[in-house]
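**Q** One structure coming up, written as structure tokens, with questions to follow.
The values are calculated or read from the model by the stated rules, or taken from the named source; none is laboratory data. Given the structure is predicted, the values throughout are model-derived calculations rather than measurements. Cβ placement follows ideal geometry from the backbone for every residue including glycine, while neighbour counts extend to all protein chains displayed.
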Amino acid sequence: MENRGWLFGIIVTVLALLLGYSAPPAFGAAGAKNGWSAVDNPDFASTGHAVTYTSDGGWLMTGSKDRMIHVKKVSGKGQVEWEQQFYNGLAGFSVIETQDGGYLAAGQTRFISDEEGVQAYMVKMDQEGMMEWEQIHGGKGFDKINSVVEVPEGYLLDGTLMNEDKRILLVTDKEGAVLRQLDMSAYFKKGQGYSPAVIKTSDGGFVITGGNDTLYPDNTVVAGTRIIKLSKNYTKQWTKDVKGTVLDGEAAGNGDVLLSMHGGQGSLLVYRLDAQKGSINWEKKFYSPKKAYIEVRGYDIVATLDGGALIAGDLGGLSSQIAYVLKLNAAGAKEWEQTFFSNNSWFTGAAAAEGKGEYLLTGHTYPLGTDKPKSVMVQLTTGELPPVQVWLDEQQLKLSQDPVVISNTTMLPVRDIFAAIGASVTYQSSTKTIRAVKGERTVTMTLGSMQATIQIGQQTVRVALAVPAQAIRGVTVVPLRFVGEAFGNEIRWDGKARIATIVTGA
């Protein structure tokens, strides 16, 4: 008998999209296991733009729903815990979990008036999604916030003032009030200052990107991307011009940065750069694997725990597109690729679960017979990775709980790590300050702070942290590499075996 399972699968998927039910994605080659998926069912239309992993093991998505900014919190298994819509916002393009346990979404307002136009918008929420405050920034015209990260002062917003053709960085306090406005327009080609992401680097600085024509040694001029590295004080450290039009970027391990770009002639360009030197570690180009689609686009890129990258976007045809994911290894070589759903669907956001081989993709699809998009979420599992082991010289440490990996930084329970290196530790609950002492060295950290201090005798040095000390499920954790090196030890990392070794030299 002829196997018609494929036909049944198509019918189920189409019905699910039309009715708004959850349907499993259509997987191609082996690589990722089928997880859960969900399709929103709005009154008007909904889109999913950005997603982030949360410290409780869940996910947070933002986008637009029924002409309002939409924020949805789901558990690790996809159950909706809460969702909110904010009338003054039209769409959210970036969302983060904040150090106080709440959340912040940023994007743009709905049309306000002929005088004020559309402006940049940010909304702060508590753990339950209830609004704590909202702020509107900008002037007359069409303004938006593309990306937001948390900084010691409050927040760093990367956005555009399109009426003035400006590329701006806004530094705000913790209530969203503007402290500084940095005009970066001079660094980019007029009209091409848009950047999809501000990338926080391991030294406490930032990488931003934007469009810029590039003159190459053979005297050819190519539309490309300018990459700028800023210090933690927002001063320019270096610039680099590369081919391709930037779509997204993210910090990777070892102080590197990943960038996803349009490469021309329907191709996808992916770069891995050293954020300290501005040098290119590798550059890879990919084309559509399907003849019916002439272009491959990667709207979001995330670093994977094996040192590689996961890129989410679509394959574009002459009149439609299909959601698409590409997995690269640490050297930038293709491991696998998959398509999802049916025509007229694409992914715009992706996030990685800390310490796991799990990812959540968000985007939207147009069900057959309608011009109203519906937001989608798809969870992938590429394989659970074993917990990180921590060794002190030749002996494995027995920890009170498994290490947590946050933004490629290994975090250990505070008392475990200080006991292992022989430092005494105290905690001041009123100021949330950790103080560790060993000999002439004193290390001080504050929960949620991106800065720490190292005192050696009479000399005090301030150090920027890639990830701050924080409490996760009732346990205070601190960054292993910073703590180990602060007390004069060497930290060695075996990525294949997932072993971090504290080398004391004793």
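**Q** Could you look through the range 103-113, keep only residues that are not aromatic (Phe, Trp, Tyr) and not in a strand (DSSP E or B), and pick out the one that is surrounded by the fewest Cβ atoms within 10 Å (Cβ to Cβ)?
**A** SER113
**Q** Among the residues of the range 421-436, write down those that are surrounded by 15 or more Cβ atoms within 10 Å (Cβ to Cβ), part of a loop (DSSP other than H, G, I, E, B) and of a type in the set (Gly, Ala, Ser).
**A** Residue satisfying the conditions is ALA423 alone.
**Q** Does ALA469 qualify as being in contact with a helix residue (DSSP H, G or I) (Cβ under 9 Å, 6 or more places away or on another chain), buried (at least 17 other Cβ atoms within 10 Å of the Cβ), closer than 22 Å to SER429 by Cα and among the aliphatic types (A, V, I, L, M)? Let's see the steps before the verdict.
**A** Details: in contact with a helix residue (DSSP H, G or I) (Cβ under 9 Å, 6 or more places away or on another chain): yes; buried (at least 17 other Cβ atoms within 10 Å of the Cβ): yes; closer than 22 Å to SER429 by Cα: yes; among the aliphatic types (A, V, I, L, M): yes.
So ALA469 fits the description; yes.
**Q** Could you give every pair whose Cβ atoms fall below 7 Å, whose first residue belongs to the range 228-244 and is assigned by TED's automatic domain parsing to the domain that holds LEU259, and whose second residue is aliphatic (A, V, I, L, M) and assigned to a loop (DSSP other than H, G, I, E, B), counting only separations of at least 6 or pairs across chains?
**A** LYS229/ALA275
**Q** Further question: Which residue, of GLU115, GLU97, is out of contact with any Asp or Glu (no Cβ under 8 Å at 6 or more places or on another chain) and modelled with pLDDT under 90? Step through it out loud before you land on a result.
**A** On the way: GLU97 fails: modelled with pLDDT under 90.
Residue meeting the stated conditions: GLU115.
**Q** Scan the range 465-504 for residues that are of a type in the set (A, V, I, L, M, F, W, C) and over 19 Å from ALA423 (Cβ atoms) and jot them down.
**A** So in the range 465-504, the residues of a type in the set (A, V, I, L, M, F, W, C) come out as 465-467, 469, 471-472, 475, 477-478, 480, 482-483, 486-487, 491, 493, 497, 499-500, 502-503.
Once the filter is applied, which keeps residues that are of a type in the set (A, V, I, L, M, F, W, C) and over 19 Å from ALA423 (Cβ atoms), the range 465-504 yields ALA466, VAL467, ALA471, ILE472, TRP493, ALA497, ILE499.
**Q** Looking only at the range 274-292, count how many residues are in a loop (DSSP other than H, G, I, E, B), more than 25 Å from TRP238 (Cα to Cα) and modelled with pLDDT of 90 or more. Lay out the reasoning, then the answer.
**A** The first filter runs over the range 274-292 and keeps only residues in a loop (DSSP other than H, G, I, E, B), leaving 275-279, 287-292.
Okay, now just the ones that are also more than 25 Å from TRP238 (Cα to Cα), so 287-292.
This time we only want the ones that are modelled with pLDDT of 90 or more, so: 287-289.
Of the residues in that region, 3 qualify.
**Q** Would you please name the residue that is nearest to PHE418 (Cα to Cα), looking only at residues in the range 437-464 that are of a type outside the set (S, T, N, Q) and part of a loop (DSSP other than H, G, I, E, B)? Steps first, please.
**A** Within the range 437-464, the first condition is being of a type outside the set (S, T, N, Q), and the residues that meet it are 437-441, 443, 445, 447-448, 450, 452, 454, 456-457, 461-464.
If we keep only those that are part of a loop (DSSP other than H, G, I, E, B) too, we end up with 439-440, 447-448, 450, 457.
Numbers: GLY439: 13, GLU440: 15, LEU447: 16, GLY448: 19, MET450: 19, GLY457: 19 Å.
Of everything passing the filter in the range 437-464, GLY439 is nearest to PHE418 (Cα to Cα).
**Q** Within the range 305-332, track down each residue that is aliphatic (A, V, I, L, M) and at pLDDT 90 or above. Let's see the steps before the verdict.
**A** Step one: of the range 305-332, the residues aliphatic (A, V, I, L, M) are 305, 309-312, 315, 318, 322-323, 325-326, 328, 330-331.
Listed by number, the residues that qualify are ALA309, LEU310, ILE311, ALA312, LEU315, ILE322, ALA323, VAL325, LEU326, LEU328.
**Q** Hey, can you tell me all the residues within the range 25-60 that are at pLDDT 80 or above and among the hydroxyl-bearing types (Ser, Thr, Tyr)?
**A** Across the range 25-60, the qualifying residues are SER37, THR52, TYR53, THR54, SER55.
**Q** A further question follows. Scanning for something of a type in the set (Asp, Glu), touching a Lys or Arg at 6+ places or on another chain (Cβ under 6 Å), within 13 Å of MET125 (Cα to Cα) and assigned to a strand (DSSP E or B), does the range 82-102 turn up at least one residue? Give the steps one after another, and end with the answer.
**A** Filtering the range 82-102 for residues of a type in the set (Asp, Glu) gives 83, 97, 100.
Then drop every residue that is not touching a Lys or Arg at 6+ places or on another chain (Cβ under 6 Å), which leaves 83.
From the residues that got through so far, the ones that are within 13 Å of MET125 (Cα to Cα) too are 83.
If we keep only those that are assigned to a strand (DSSP E or B) as well, we get 83.
Yes, the conditions are met somewhere in the range 82-102.
**Q** Sticking with this structure for a sec: Take the range 332-364 and flag every residue that is in contact with a helix residue (DSSP H, G or I) (Cβ under 9 Å, 6 or more places away or on another chain) and surrounded by fewer than 23 Cβ atoms within 10 Å (Cβ to Cβ). Break it down stepwise before answering.
**A** Our first condition is that a residue be in contact with a helix residue (DSSP H, G or I) (Cβ under 9 Å, 6 or more places away or on another chain); within the range 332-364, this holds for 341-342, 345.
If the condition is that a residue be in contact with a helix residue (DSSP H, G or I) (Cβ under 9 Å, 6 or more places away or on another chain) and surrounded by fewer than 23 Cβ atoms within 10 Å (Cβ to Cβ), then SER342 is the only one that fits.
**Q** Another one. Among the residues of the range 393-411, which ones are under 16 Å from ALA466 (Cα atoms), among the polar types (S, T, N, Q) and in a strand (DSSP E or B)? Walk me through how you get there before you give the answer.
**A** Kept after step one, since they are under 16 Å from ALA466 (Cα atoms), are these residues of the range 393-411: 404-411.
Next, from what is left, pick out any that are among the polar types (S, T, N, Q): 407-410.
THR409, THR410 - these are the residues of the range 393-411 that are under 16 Å from ALA466 (Cα atoms), among the polar types (S, T, N, Q) and in a strand (DSSP E or B).
**Q** Right, here's the next one. So ALA497 fits all but one of (1) under 28 Å from the mean Cα position of the chain (by Cα); (2) within 29 Å of SER231 (Cβ to Cβ); (3) exposed (fewer than 15 other Cβ atoms within 10 Å of the Cβ); what number is the exception?
**A** Of the numbered conditions (1) under 28 Å from the mean Cα position of the chain (by Cα); (2) within 29 Å of SER231 (Cβ to Cβ); (3) exposed (fewer than 15 other Cβ atoms within 10 Å of the Cβ), the odd one out for ALA497 is (2).
**Q** Additional query: Since LYS285 meets every condition but one in (1) out of contact with any Phe, Trp or Tyr (no Cβ under 7 Å at 6 or more places or on another chain); (2) crowded, with 21+ Cβ neighbours inside 10 Å; (3) more than 21 Å from ALA50 (Cβ to Cβ); (4) charged (D, E, K, R), which condition does it not meet?
**A** (2)
**Q** Based on this model, can you work out whether GLY5 counts as out of contact with any helix residue (DSSP H, G or I) (no Cβ under 6 Å at 6 or more places or on another chain) and modelled with pLDDT under 80?
**A** Details: out of contact with any helix residue (DSSP H, G or I) (no Cβ under 6 Å at 6 or more places or on another chain): yes; modelled with pLDDT under 80: yes.
Yes; evaluated as a whole, the condition is true for this residue.
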